[in-house]
Amino acid sequence: MLNPGPVTLSDRVRAALVRGDWCHREAEFAELTRSLNRRLETVYGDEETRRHVSVLITGSGTCAVEAMLATLAPVESKTLVLANGVYGERIASMLARMNRPHEVQEAAWTDAIDFSAAEARLAAGDFSHVIAVQHETTTGRLNDISRLGALCKENDVKLLLDSVSAFGAEEIRLDAWNVEGLAATANKCLHGAPGISFVIADRERLAEAHPACPSVYLDLGAYFATQHGDGFSPFTLAVQCAFGLDAALEEFLEAGGWRNRRSRYAEIGNRISAHLGELGIEPMLSSADRSVTMQSHWVPEGIGYQDLHDMLKQDGFVIYAGQGHFAGRLFRIAHMGDITDSDIERLLASLTRALSR
Ligand SMILES: *Cc1c(COP(=O)(O)O)cnc(C)c1O
């Protein structure tokens, strides 16, 4: 699986999925919920203060993003959305449907965030919140959230992040970047199964009432009150996905956390990009601009995306198409999941076969 989630599971995570039939309202599941939240909070926990807490929700990454917005995007003040891909644009349409005051600063999907434009807007003082996508999976661009975070801090503006394809493999600094909340999922860089996702957010903001939240299911205040109270959840959590995330977090922490995962992904990515370079395939972004999680290359002349996909699939690999106007023009290869060195060897051989025809 070289698509950007869901990922190839390790045997240990796959085995955990069938740990047993548990009731979500028994003490042992409350304990598991607490333990998952505790470990998720410590992934980026080398911060002194620990103002942020994790809440789990059943649903894919989009569910976590939408729940974060429904609960935390302000009603009385404006949010600036920085969009340079599908996921940033999706955030803007969520805010529009919720009637939350916002403005969108849009960039072409090929471009970085325009920081001087963002700075001018923030300095004008209209915004209380900024929201951005950390790793824009549309292209593989790692947006410069360190720079954005500094800008938020300077202007006393809160930052909300879609970190769905970054959490667990890229740097995140909750306090230094003024992060009020971030959304992420079990089944990308953490290597769990799809179906459970989470939001890490400022404890005090979650503890407030959220009368403007347009959704009962997506009101994270209710999840906070119960998961950080008796340990239960307002609605059924995906029990088996929670088992999978449990095993995935054990593996993740044993293997040295996000720094080691980042190095591993970078190593895989560098091997693939070097090989594609030798085959004359052009990357969409320079290596300085891309995340370690995934990379995009242009489909070369003389082969269609679907043929490339199908040839690789015959060899056991699933790659991913471009989205929107990049459909048929880009192909994407992700580095997440239980991928071994011998998988990479086989992949490089398969790419050579497919691309030298
Ligand atoms: C994968 C992804 C999502 C959400 O994906 P789901 O299909 O809902 O799990 C959101 N944002 C980004 C940046 C992503 O990569």
message: I need every pair where a residue in the range 56-68 that is over 12 Å from Leu182 (Cβ atoms) has its Cβ under 8 Å from the Cβ of a residue that is within 11 Å of the ligand (Cβ to nearest atom) and modelled with pLDDT under 95, sequence separation at least 6 or different chains.
response: none
message: Please pick out the residue among Phe167, Phe252 that is away from the ligand (no atom under 12 Å from the Cβ) and either farther than 17 Å from Arg51 by Cβ or over 12 Å from the mean Cα position of the chain (by Cα) (or both).
response: Phe252
- prompt: If a residue has to be within 12 Å of the ligand (Cβ to nearest atom) and in contact with a Cys (Cβ under 9 Å, 6 or more places away or on another chain) to count, how many in the range 170-208 make the cut?
  reply: 11
field: Conditions (1) of a type outside the set (S, T, N, Q); (2) surrounded by 21 or more Cβ atoms within 10 Å (Cβ to Cβ); (3) within 16 Å of the ligand (Cβ to nearest atom); number of the one not met by Ala16
entry: (3)
query: Is at least one residue of the range 140-147 surrounded by fewer than 18 Cβ atoms within 10 Å (Cβ to Cβ), out of contact with any strand residue (DSSP E or B) (no Cβ under 8 Å at 6 or more places or on another chain) and free of Cβ contacts under 8 Å to residues at least 24 places away in the same chain?
result: no
- prompt: Does any residue of the range 107-114 turn out to be over 22 Å from the mean Cα position of the chain (by Cα), away from the ligand (no atom under 15 Å from the Cβ) and of a type outside the set (S, T, N, Q)?
  reply: no
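Yes/no matrix, rows are residues, columns are (1) surrounded by 17 or more Cβ atoms within 10 Å (Cβ to Cβ); (2) assigned to a helix (DSSP H, G or I); (3) on the phi > 0 side of the Ramachandran plot:
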| site | (1), (2), (3) |
| --- | --- |
| Gly277 | no, yes, no |
| Gln295 | yes, no, no |
| Pro300 | no, no, no |
| Ala354 | yes, yes, no |
task: Return yes or no: is Ser263 out of contact with any Phe, Trp or Tyr (no Cβ under 9 Å at 6 or more places or on another chain) and among the polar types (S, T, N, Q)?
output: yes
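What do you reckon, is Val86 more than 18 Å from Leu182 (Cβ to Cβ), touching a helix residue (DSSP H, G or I) at 6+ places or on another chain (Cβ under 9 Å) and within 15 Å of the ligand (Cβ to nearest atom)?
yes
The values are calculated or read from the model by the stated rules, or taken from the named source; none is laboratory data. What you see is a predicted model; the values in this text were computed from it and never measured. Here the Cβ is made from the backbone with ideal geometry for all residues, glycine too, and neighbour counts use every protein chain on show.
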